[in-house]
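Let me begin by presenting the structure, written as structure tokens, before commenting on it.
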Amino acid sequence: MIRCPWVDPAKPDYVRYHDEEWGVPVRDDRTLFEYLVLESAQAGLSWYTVLRKREGYRAAFAGFDPQAVAGFTPAEVERLMTDPGIIRNRRKIEAAIGNARAFLRVRESFGSFAEYLWRFVDGRPIVHTLRTLTDYPVTIAQSDALARDLKSRGFAFLGPTTCYAFMQATGLVNDHSLDCFRRSELLETSAGS
């Protein structure tokens, strides 16, 4: 079975993430908030590092409930700074809490975060033609626009590169390589929706 060139077949959890989640269009707000928290935590680190801590994040951040996270207090920040299940970076922890508050404001303005987000790609995944690792862009015009807009709305740790990774993970962009088995599966799913 052929997969994207970035997948390390020696890491079963990474393979499972690629095969089952990466690039699948997400329109559920709670799942989108989960990816926002995880992608912002990843800044400067490998995605695999964050992926291995995902369950720790789920426990520490109230099952990725943005309403609950938005209510976290300075005492909870201190508690999170001692939690070995997450990346203990104060700025990233505080950003996750601030991002939850901004997330709720966006949801209130647009009806859902998904409604707001999918406008950046006109409601349908962007499909790229990629063969090798060097073909993968680090940003696109839409991730640049998303990063600018998120920043103007009070979000942090979500620059253009992080936003692009977020868009890839949540299926706003189909960046499965041409020979990857998931590419055609996701194209078929998108065509049927």
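Quick rundown of the values:
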{"item": "For the chain, with +1 on Lys and Arg beta carbons and -1 on Asp and Glu, the positive-most of Tyr35, Ala102, Thr170 along the dipole", "result": "Ala102"}
{"item": "Estimated vicinal HN-Hα couplings, Hz - the stretch 113-128 in sequence order (Karplus 6.51, -1.76, 1.60; Gly, Pro = x)", "result": "5, 4, 4, 4, 5, 5, 5, 5, 10, 6, x, 10, x, 7, 10, 9"}
{"item": "Over 20 Å [Cα-Cα, the stretch 98-193], rounded percent", "result": "40 percent"}
{"item": "Carbon/sulfur fraction of accessible area - the stretch 1-127, other protein chains in place, 1.4 Å, %", "result": "50 percent"}
{"item": "Cβ-based charge dipole, the chain, positive-most Cα from Phe120, Ala10, Leu146", "result": "Leu146"}
{"item": "5 Å binning of all Cα-Cα separations within the stretch 1-127, expressed as whole percents from 0 upward", "result": "2, 10, 19, 21, 18, 16, 10, 4, 1, 0"}
{"item": "Mean Cβ count within 10 Å, highest first, over the residues of peptides 41-48, 122-129", "result": "41-48, 122-129"}
{"item": "Cα-centre dipole for the chain with unit charges at Cβ (Lys and Arg positive, Asp and Glu negative), debye to 20", "result": "480 debye"}
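The values are calculated or read from the model by the stated rules, or taken from the named source; none is laboratory data. Computed from a predicted model, the values in this text were never measured in an experiment. Note that each Cβ is placed from the backbone with ideal geometry, even for glycine, and that neighbours are counted across all protein chains shown. Surface areas here come from the heavy atoms of the whole protein model, side chains and all, with no ligands, DNA or RNA. Shrake-Rupley method; radii C 1.70, N 1.55, O 1.52, S 1.80 Å.
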